[in-house]
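The values are calculated or read from the model by the stated rules, or taken from the named source; none is laboratory data. It should be emphasised that the depicted structure is a prediction, and the values quoted were computed from it without experimental measurement. FYI the Cβ positions are ideal-geometry reconstructions off the backbone, even for glycines, and counts take in every protein chain you see.
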Amino acid sequence: MIVCDFDVLRPEQGVAALLPDGSQVAVFLTADGSVHALDNIDPFSGAAVLSRGIVGDRGGVPVVVSPVYKQAFELATGKCLDQPDVAVTVHGVRVRDGVVELT
């Protein structure tokens, strides 16, 4: 499923995409060129804001920090580093022919 053109992604920033089922995915391009996709809903606030979070790393692990309550989520696993029993869904992603696709 195509979610966006690759050229709309900027390093260390997120982009939100609306999926056909009405859900939202947050897509991130990290400084090393990796692309990650997570559900866009912050599980703590219920708001669709993870795409607007701060992208960085914690202890060398790439994360996005929610702009609401500031919990950090691993981009690769969706695990919340501040409350390990909470996670957001991670989507498989690939870049092909200039577009970002969920796999």
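Worth pointing out:
- Only listed residue being in contact (Cβ under 8 Å) with a residue 60 or more places away in the chain and surrounded by fewer than 19 Cβ atoms within 10 Å (Cβ to Cβ), chosen from I2, I41: I2
- Filter result for R52 (touching a residue at least 24 places away in the same chain (Cβ under 8 Å) and basic (K, R)): yes
- All positions within the stretch 20-38 that are closer than 14 Å to H91 by Cα and in contact (Cβ under 8 Å) with a residue 24 or more places away in the chain: Q24, V25, A26, V27, F28, S34, V35, H36, A37, L38
- Of all residues in the stretch 20-38, those satisfying the criterion of being among the aliphatic types (A, V, I, L, M) and either modelled with pLDDT of 95 or more or in contact with a helix residue (DSSP H, G or I) (Cβ under 9 Å, 6 or more places away or on another chain) (or both) are V25, A26, V27, L29, V35, A37, L38.
- Every residue from the stretch 31-69 that is among the charged types (D, E, K, R), in a loop (DSSP other than H, G, I, E, B) and closer than 17 Å to E12 by Cβ: D32
Here is a yes/no grid of residues against (1) of a type outside the set (D, E); (2) within 10 Å of the chain's Cα centre (by Cα); (3) surrounded by fewer than 20 Cβ atoms within 10 Å (Cβ to Cβ); (4) modelled with pLDDT under 95:
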| residue | (1), (2), (3), (4) |
| --- | --- |
| L50 | yes, yes, no, no |
| I54 | yes, no, yes, no |
| G60 | yes, no, yes, yes |
| V68 | yes, no, yes, no |
| A76 | yes, yes, yes, no |
| Q83 | yes, no, yes, no |
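- Residue count for the stretch 85-102 under the criterion of being surrounded by fewer than 15 Cβ atoms within 10 Å (Cβ to Cβ), in a strand (DSSP E or B) and without any contact (Cβ under 8 Å) to a residue 60 or more places away in the chain: the result is 2.
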